[in-house]
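Below: the structure, in structure tokens.
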Amino acid sequence: MSLQSAFGRDNKAKTGARIAVARRPLVAGNWKMNGLSASIAELDHMLRGFDAALSGKLDLLICPPFTLIEEFSATAKGSKLMIGGQDCHLNASGPHTGDISAEMLADSGAQAVIVGHSERRVDHGESDALVRSKAEAAFRAGLIAIVCIGEAQAERQAGRTLEVVASQLKGSIPAAAKAEWLVIAYEPIWAIGSGVTPTPADVAEVHALIRKELSARFGKDLGEAVRILYGGSVKPDNAAALLKVENVDGALVGGASLKAADFLAIARAAA
Ligand code: PEP
């Protein structure tokens with residue numbers, strides 16, 4: 001992905017003066033462990049809807065299971081719709097039975113990879129340090145890394161959301177991060193697959209914190225340019241309210257990304 005695509009437009013006015021960066025929205029679909037070869041029909045539908053009306057306005061990404069990446073990438077060739085992975089190993093190759101490297105994803109046609117999803121952090125005990133190494137692997141292979149962070153329900157109830165998110169962000173982002181290859185997804189764990197979402201005010205508070213922390217660590221240019229997605233029970237009927245929140249630059253969508261009609265409705269809300 002070019003800088004132009006990530007940022008929507010050049011971040012310098014013709015006069016050379018700095019202007020606020022218009023971040024191009026990104027809507028990413030995480031299919032998790034769903035999808036068989038027959039699912040290509042949904043991808044076809046998405047491609048038609050995206051390329052006809054939306055591809056000039058936002059970036060769209062589908063992350064199917066590993067088994068479908070090559071076929072989906074071949075089908076999406078020539079379209080602006082991107083295909084990505086849901087995880088990668090930190091190494092490029094080696095004795096890691098069942099794992100897939102970022103280089104293998106890229107070789108299969110992927111352009112992005114999700115790292116640190118809460119289901120990986122919880123089911124596979126992935127730490128911030130491991131997630132950071134996976135993000136580094138993504139950059140090494142030329143993939144966009146979508147780094148997921150978010151608090152558990154007990155942490156929110158204990159009033160620890162901002163502390164937890166700031167700590168995950170600090171631990172999970174590589175020191176050499178570049179805005180064009182980095183996307184942050186704020187996904188409160190309790191909102192994933194539950195049908196419950198934080199209020200727009202809660203989302204705004206966390207996204208503002210993430211933006212502030214990125215600027216403090218990497219400087220304002222990178223801090224302002226990185227896209228921050230909201231994820232957790234985004235559906236066609238709540239997408240517009242969530243996507244208009246300040247510092248929400250798109251969505252990471254699980255269940256509602258499986259059906260082209262729902263996913264395209266969310267994409268339209270982001271455009
Ligand atoms: C996710 O798992 O990343 C996710 C956001 O899931 P859902 O949209 O189904 O809550």
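Springs join every pair of Cα atoms under 10 Å in this Gaussian network model of the chain, and among Gly125, Gly56, Gly109 the largest mean-square fluctuation is at Gly125. Summing charges over all other residues whose Cβ lies under 12 Å from the Cβ of Lys57, with Lys and Arg as +1 and Asp and Glu as -1, gives +1. Where only DSSP H runs of four or more residues are counted, the chain gives -11500 deg cm²/dmol as its mean residue ellipticity at 222 nm, each run worth -39500 (n - 2.57). Per residue, region 80-125 exposes an accessible area of 46 Å² to a 1.4 Å probe, with every protein chain left in place. Based on alpha carbons, the Rg and Dmax found for region 59-204 are 15.7, 48 Å.
Annotation: Thr67 carries an accessible surface of approximately 120 Å², with a 1.4 Å probe and no ligand, DNA or RNA atoms counted. Counting only protein heavy atoms and a 1.4 Å probe, tell me what percentage of the chain's accessible area is made up of carbon and sulfur. Using a 1.4 Å probe with all protein chains present, the chain comes out at 54 percent carbon and sulfur.
Do any trypsin sites (Lys or Arg not before Pro) in region 151-239 lie in a DSSP loop with no more than 16 other beta carbon atoms within 10 Å, and if so, which? Walk me through the numbers on the way to the answer.
On the way: sites: Arg156, Arg160, Lys170, Lys178, Arg211, Lys212, Arg217, Lys220, Arg227; in loops: Arg160, Lys178.
When the trypsin sites (Lys or Arg not before Pro) of region 151-239 are filtered for loop state and at most 16 Cβ neighbours within 10 Å, Arg160, Lys178 remain.
Using Cα pairs under 8 angstrom and six or more residues apart, how large is the relative contact order of region 111-263, in percent? Kindly include the intermediate steps, with their values, before the conclusion.
Working: 266 pairs, mean separation 31.0, N = 153.
About 20 percent, as a whole number.
Restricting region 188-257 to GluC sites (Glu not before Pro) that sit in a DSSP loop and have at most 12 other Cβ atoms within 10 Å of their own Cβ leaves Glu246.
In a fully extended conformation the segment linking Lys212 and Ala22 would gain 66.7 nm over its present Cα-Cα distance, using 0.36 nm per residue.
Greater than 29 Å separation of Cα atoms is the criterion. Which listed pairs, Lys32/Lys57; Lys57/Lys170; Lys220/Lys259; Lys212/Lys244; Lys77/Lys212; Lys178/Lys244, meet it? Going by Cα-Cα distance, Lys57/Lys170; Lys220/Lys259; Lys77/Lys212 fall outside the 29 Å limit. Remark: spin-label model distance Ala92-Lys80 equals 3.2 nm, labels positioned 7 Å along the Cα→Cβ axis.
Over region 171-246, what is the relative contact order in percent, taking alpha-carbon pairs closer than 8 angstrom and at least six residues apart? Kindly include the intermediate steps, with their values, before the conclusion.
Working: 83 pairs, mean separation 33.3, N = 76.
About 44 percent, as a whole number.
For Ala176 and Val122, a Förster radius of 35 Å and the Cβ-Cβ distance give a FRET efficiency of 0.80, rounded to the nearest 0.05. Derived value for region 146-271: Kirkwood hydrodynamic radius 14.7 Å. Basis is the mean of 1/r over every pair of different alpha-carbon atoms.
The values are calculated or read from the model by the stated rules, or taken from the named source; none is laboratory data. Owing to the predicted nature of the structure, the values given are computational and were not obtained by experimental measurement. Note: ideal-geometry Cβ built from the backbone for every residue, glycine included; neighbour counts use all protein chains shown. In case anyone asks, the SASA skips ligands and DNA or RNA and just uses the protein heavy atoms, side chains included. Shrake-Rupley method; radii C 1.70, N 1.55, O 1.52, S 1.80 Å.
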